[in-house]
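The next block holds one structure in the form of structure tokens; read it before the comments.
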Amino acid sequence: MTALHRLDPVADVGGPHQPLLEVRDLTKHFPVRGGLIGPKPVARAVDGVSFAVAKGETLGVVGESGCGKSTTARLLMRLIEPDSGSLTFDGEAVGTRLGLSLRDLRRRVQMVFQDSYASLNPRLTIADSLAFAPMVHGVSRRDAMEVAGDLLGRVGLDPTSFLGRYPHELSGGQRQRVNIARALALRPRLVILDEAVSALDKSVEAQVLNLLVELKRQLDLTYIFISHDLNVVHYIADRVLVMYLGKVAEVGPVEAIYGRPAHPYTRALFSARLSMDPDARTSAAPLQGDPPNPINPPSGCRFRTRCPHATAVCAEREPAPVDLGGGHVVACHLHEAAHA
Ligand SMILES: Nc1ncnc2c1ncn2[C@@H]1O[C@H](COP(=O)(O)OP(=O)(O)O)[C@@H](O)[C@H]1O
Ligand SMILES: [Mg+2]
């Protein structure tokens, strides 16, 4: 048994079919400057987002920059407080008196960010960075050092060579391996990877992706994999959630989202992507311009100002989610009419 395995993972409470995480109506509006008269303006970064993450899956989250992916991630770890909405982790309500405490949530859920350097304390050796969290959780220094060595080995870095080094003595890829190791130090059940491989060179990125796949299998992990890179998400995700301006546009199995994208936004997003497979290229026009400002989002469907199919109803009311079958759900009036 390795040192890491002596740190027991948190038990599976509700069995394999209970979602690991359920998110309901999550909302976060950031106050912004301006608006001397009238209501204070807010950026509707996340605006009523609901989804579930099954045990053992990788949920990919895609969408243009600024659509609320990182804010959603920070809300899931409660690094920022939601304005409203609820989180349920393996059946336990998060942050309620009788539910799961934030301390326990933050042991079960860990996050890896894009910037490998900013995430590590430059004054701590890799050993101390990795041993820190286990020691906070009552593991002796000696055992925590053993865990640190075990973790480094798991992420493909030789402990004898790397434990004593400082972050600036590592390459970007090596630092990101250390960040992944650190995220695993408390045996989390869910790891949120927010553009975690986006800053790496393509060859290093592929190696780190393979490492993530292998670690998931070894440690029974569940991933939320956030990326603007549609090819990477295609490779790693089981299901994909598409966000647009703080809302869920579409969610479904990876084959459905990539093979039969239903939301005009998803189609436009994919048409900008160079597919290896000519059959998979969509015929939709690529997206024009930047997304509108989340301070004053369009009424009704938020995508309507860039949508080639928009009609009057799209400005009047927000589309309700339409179930296309097989877990493929889209929020678009075109489909509402077709499935009415
Ligand atoms: N702390 C903050 N204060 C004000 N606005 C914010 C803050 N954090 C994010 N935003 C805004 O919320 C929106 C969503 O941002 P973000 O979640 O970072 O998007 P993404 O990760 O998809 O690029 C953006 O318009 C961003 O400017
Ligand atoms: Mg982001």
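What are the residues in region 66-86 that are more than 11 Å from ligand 1 (Cβ to nearest atom), within 20 Å of Glu250 (Cα to Cα) and open to solvent by less than 30 Å² (accessible area, probe 1.4 Å), if any?
Answer for region 66-86, where residues must be more than 11 Å from ligand 1 (Cβ to nearest atom), within 20 Å of Glu250 (Cα to Cα) and open to solvent by less than 30 Å² (accessible area, probe 1.4 Å): just Leu76.
So which of Val61, Val109 ends up being within 16 Å of ligand 2 (Cβ to nearest atom), modelled with pLDDT of 95 or more and surrounded by 15 or more Cβ atoms within 10 Å (Cβ to Cβ)? Reasoning before the result, please.
Details: Val109 fails: within 16 Å of ligand 2 (Cβ to nearest atom).
Only one candidate passes the filter, namely Val61.
Restricting to region 87-106, give me the number of residues that are touching an Asp or Glu at 6+ places or on another chain (Cβ under 6 Å) and either free of Cβ contacts under 8 Å to residues at least 60 places away in the same chain or open to solvent by 40 Å² or more (accessible area, probe 1.4 Å) (or both). Walk me through it before giving the result.
Within region 87-106, the subset touching an Asp or Glu at 6+ places or on another chain (Cβ under 6 Å) is 88, 99-100.
Of the ones still in play, those that are also either free of Cβ contacts under 8 Å to residues at least 60 places away in the same chain or open to solvent by 40 Å² or more (accessible area, probe 1.4 Å) (or both) are 99-100.
Qualifying residue count for the region: 2.
Kindly indicate whether Tyr265 is open to solvent by less than 10 Å² (accessible area, probe 1.4 Å) and either within 14 Å of the chain's Cα centre (by Cα) or without any contact (Cβ under 8 Å) to a residue 40 or more places away in the chain (or both). Can you show your working first?
Working: open to solvent by less than 10 Å² (accessible area, probe 1.4 Å): yes; either within 14 Å of the chain's Cα centre (by Cα) or without any contact (Cβ under 8 Å) to a residue 40 or more places away in the chain (or both): no.
When the stated conditions are applied, Tyr265 does not pass them.
Go through (1) touching a Ser or Thr at 6+ places or on another chain (Cβ under 7 Å); (2) without any contact (Cβ under 8 Å) to a residue 24 or more places away in the chain for Pro82 and report which single condition fails.
Going through the list (1) touching a Ser or Thr at 6+ places or on another chain (Cβ under 7 Å); (2) without any contact (Cβ under 8 Å) to a residue 24 or more places away in the chain, Pro82 breaks only (2).
In region 27-67, what count of residues is obtained for those that are free of Cβ contacts under 8 Å to residues at least 60 places away in the same chain and over 22 Å from Ser227 (Cβ atoms)?
Within region 27-67, the first condition is being free of Cβ contacts under 8 Å to residues at least 60 places away in the same chain, and the residues that meet it are 27-31, 33-40, 52.
Imposing the further condition that a residue be over 22 Å from Ser227 (Cβ atoms) reduces the set to 27, 29-31, 33-40.
Total meeting the criteria: 12.
Taking Asp8, is it within 12 Å of ligand 1 (Cβ to nearest atom), of a type in the set (Asp, Glu) and either part of a loop (DSSP other than H, G, I, E, B) or modelled with pLDDT of 95 or more (or both)? Don't jump to the end; show me each part of the working.
Details: within 12 Å of ligand 1 (Cβ to nearest atom): no; of a type in the set (Asp, Glu): yes; either part of a loop (DSSP other than H, G, I, E, B) or modelled with pLDDT of 95 or more (or both): yes.
No: the conditions fail for Asp8.
For region 18-39, enumerate the residues that are among the β-branched types (Val, Ile, Thr) and either over 16 Å from the mean Cα position of the chain (by Cα) or more than 20 Å from Leu190 (Cβ to Cβ) (or both). Break it down into steps so the answer makes sense when it comes.
So in region 18-39, the residues among the β-branched types (Val, Ile, Thr) come out as 23, 27, 32, 37.
Once the filter is applied, which keeps residues that are among the β-branched types (Val, Ile, Thr) and either over 16 Å from the mean Cα position of the chain (by Cα) or more than 20 Å from Leu190 (Cβ to Cβ) (or both), region 18-39 yields Thr27, Val32, Ile37.
Conditions: (1) more than 16 Å from ligand 2 (Cβ to nearest atom); (2) open to solvent by less than 40 Å² (accessible area, probe 1.4 Å); (3) touching a Gly at 6+ places or on another chain (Cβ under 7 Å). Pro294 meets all but one. Number of the miss?
Unmet condition: (1).
If Glu81 passes every condition in (1) modelled with pLDDT under 95; (2) in a loop (DSSP other than H, G, I, E, B) but one, which one does it miss?
With (1) modelled with pLDDT under 95; (2) in a loop (DSSP other than H, G, I, E, B) applied to Glu81, the lone miss is (1).
The values are calculated or read from the model by the stated rules, or taken from the named source; none is laboratory data. Note that this is a predicted model, so its numbers are computed, not measured. Because the Cβ atoms are built from the backbone with ideal geometry, glycine has one as well, and the counts that use them run over all protein chains shown. To get the accessible areas, we keep the full protein, side chains included, count just its heavy atoms, and leave off ligands, DNA and RNA. Shrake-Rupley method; radii C 1.70, N 1.55, O 1.52, S 1.80 Å.
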